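J.: One structure is given below, represented as structure tokens, and several questions about it will come after.
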Ligand SMILES: Cc1ncc(COP(=O)(O)O)c(C=O)c1O
């Protein structure tokens, strides 16, 4: 008989890395609800509610606030392929892995790349973005809000004003911050912002919320070519270059999410249920309360790590409130510590990429996991593992320091 394997029964891990984190049980329950056809009126009502909820989560009035089916990277690709025409000049703000990812995607799209860079662990001062934008006159400025690879959050005040002045569109990757730090789409004046669910939104990966300003939507519509098999008289093509991807064609996707209900793809029903529940949880808690919760947990993690005698990575001023980078002390095997955290305590913490690989751990406290007991348990486990690995730690100091922050 062929092996049927056993039913999925994963261990109960506490996911305290840079994402994914444990999904809120309400999100998992919503995802197990019965399926509906994509044009069922009950389902299209859920789509409309999801749009309304994500407007509030993205802090925007944008009509177009919807979901791209796929992981956060799908949202990034949809935004960039729809905004960038071959030979467009794109200014990319980079200070970590995800700025490099934007470069990689723009290269594949044939965009002309200009960059403004900072070391990993720093952010790019806004004046440098302004200088570069005035010099290169890009069609698009692309940035990352919170780059989880470095744990730093890039200030974006003034982005929209700058783009209006030079006639550019702006794109922001807020995958790691949406639902945990203020993603102020309208106040920044950002044109397209994308995210994922698996970090501060407290869901699984697989759906990418996106919001699109009216001016960006008009531009994207001017690149529209409806695919042959679903052409209709009431949907007109645009006259600019065709968007270089069918699946990520935001022009058709917006028509799908509008009353026109263009039959573009089959919406990922269960992911939409999950994304809707994530947003409902965010709005139930309230944005400010949620940001404050993430801030408090981040501060507690930093205080606990420092009290243990560990050095926290990067500047306090620009640190994301939901992920903390911690230097691996000399003489300590970082991977061994991660393995012991997992095997002895069922806790996952993150390693790092690129120049930070082997130098820092990344510990997250996001979404459903940005909670006092989870932060304290993680610190206590880290202390125990470090002690077992021969690193001198004064017992209980980390917990005391974190408790004090949270008192
Ligand atoms: C800032 C940022 N952008 C993009 C991504 C890519 O997300 P995904 O793996 O869901 O495609 C991540 C994931 O860690 C991220 O932190």
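The values are calculated or read from the model by the stated rules, or taken from the named source; none is laboratory data. Everything numeric in this text was worked out from a predicted model, so none of it was measured. Every residue, glycine as well, gets a Cβ built from its backbone with ideal geometry; the counts of neighbours run over all protein chains shown.
J.: Which residue, of 312, 323, is without any contact (Cβ under 8 Å) to a residue 40 or more places away in the chain, in contact with a strand residue (DSSP E or B) (Cβ under 7 Å, 6 or more places away or on another chain) and closer than 27 Å to residue 156 by Cα?
T.: Among 312, 323, only 312 is without any contact (Cβ under 8 Å) to a residue 40 or more places away in the chain, in contact with a strand residue (DSSP E or B) (Cβ under 7 Å, 6 or more places away or on another chain) and closer than 27 Å to residue 156 by Cα.
J.: Looking for something under 18 Å from the mean Cα position of the chain (by Cα) and surrounded by fewer than 22 Cβ atoms within 10 Å (Cβ to Cβ) - is there at least one such residue anywhere in the stretch 82-96?
T.: No, that holds for no residue.
J.: I'd like to know if the stretch 78-87 contains one or more residues that are at negative phi and out of contact with any helix residue (DSSP H, G or I) (no Cβ under 8 Å at 6 or more places or on another chain).
T.: yes
J.: Out of 116, 144, I need the residue that is more than 16 Å from the ligand (Cβ to nearest atom), buried (at least 20 other Cβ atoms within 10 Å of the Cβ) and at pLDDT 95 or above. Which one?
T.: From the options 116, 144, the qualifying one is 116.
J.: Here's another thing I want to ask about it. Take the stretch 147-162 and flag every residue that is more than 16 Å from the ligand (Cβ to nearest atom) and crowded, with 24+ Cβ neighbours inside 10 Å.
T.: Across the stretch 147-162, the qualifying residue is only 159.
J.: Any idea which of (1) in a helix (DSSP H, G or I); (2) within 16 Å of the ligand (Cβ to nearest atom) is the one residue 92 doesn't satisfy?
T.: Among (1) in a helix (DSSP H, G or I); (2) within 16 Å of the ligand (Cβ to nearest atom), residue 92 violates only (1).
J.: Do we find a residue being out of contact with any helix residue (DSSP H, G or I) (no Cβ under 8 Å at 6 or more places or on another chain), away from the ligand (no atom under 16 Å from the Cβ), under 15 Å from residue 192 (Cβ atoms) and outside any loop (DSSP other than H, G, I, E, B) anywhere in the stretch 49-58?
T.: Yes - at least one qualifying residue is present in the stretch 49-58.
J.: Does the stretch 185-194 contain at least one residue that is within 14 Å of the ligand (Cβ to nearest atom) and farther than 20 Å from residue 248 by Cβ?
T.: no
J.: Now for a separate question. For residues that are part of a loop (DSSP other than H, G, I, E, B) and surrounded by fewer than 24 Cβ atoms within 10 Å (Cβ to Cβ), scanning just the stretch 353-388, find the one that is nearest to the chain's Cα centre (by Cα). Steps first, answer last, please.
T.: Our first condition is that a residue be part of a loop (DSSP other than H, G, I, E, B); within the stretch 353-388, this holds for 353, 357-359, 365-366, 370-371.
Cutting the leftovers down to surrounded by fewer than 24 Cβ atoms within 10 Å (Cβ to Cβ) gives us 353, 357-359, 371.
Working: 353: 17, 357: 21, 358: 23, 359: 23, 371: 19 Å.
For the stretch 353-388, the residue satisfying everything is 353.
J.: Here is a further query. Go through 172, 124 for me and flag whichever is in a loop (DSSP other than H, G, I, E, B) and within 16 Å of the ligand (Cβ to nearest atom).
T.: 124
J.: Here is a further query. Residues that are within 16 Å of the ligand (Cβ to nearest atom), assigned to a loop (DSSP other than H, G, I, E, B) and surrounded by fewer than 20 Cβ atoms within 10 Å (Cβ to Cβ): does the stretch 67-75 have at least one?
T.: yes
J.: Quick one: which of 223, 276 is away from the ligand (no atom under 16 Å from the Cβ), part of a loop (DSSP other than H, G, I, E, B), crowded, with 21+ Cβ neighbours inside 10 Å and touching a residue at least 60 places away in the same chain (Cβ under 8 Å)?
T.: The conditions single out 223.
J.: Among the numbered criteria (1) touching a residue at least 40 places away in the same chain (Cβ under 8 Å); (2) surrounded by fewer than 21 Cβ atoms within 10 Å (Cβ to Cβ); (3) part of a strand (DSSP E or B), which one does residue 26 miss?
T.: Of (1) touching a residue at least 40 places away in the same chain (Cβ under 8 Å); (2) surrounded by fewer than 21 Cβ atoms within 10 Å (Cβ to Cβ); (3) part of a strand (DSSP E or B), only one is false for residue 26: (3).
J.: In the stretch 231-252, how many residues are touching a helix residue (DSSP H, G or I) at 6+ places or on another chain (Cβ under 7 Å) and part of a helix (DSSP H, G or I)?
T.: Number satisfying all stated conditions: 2.
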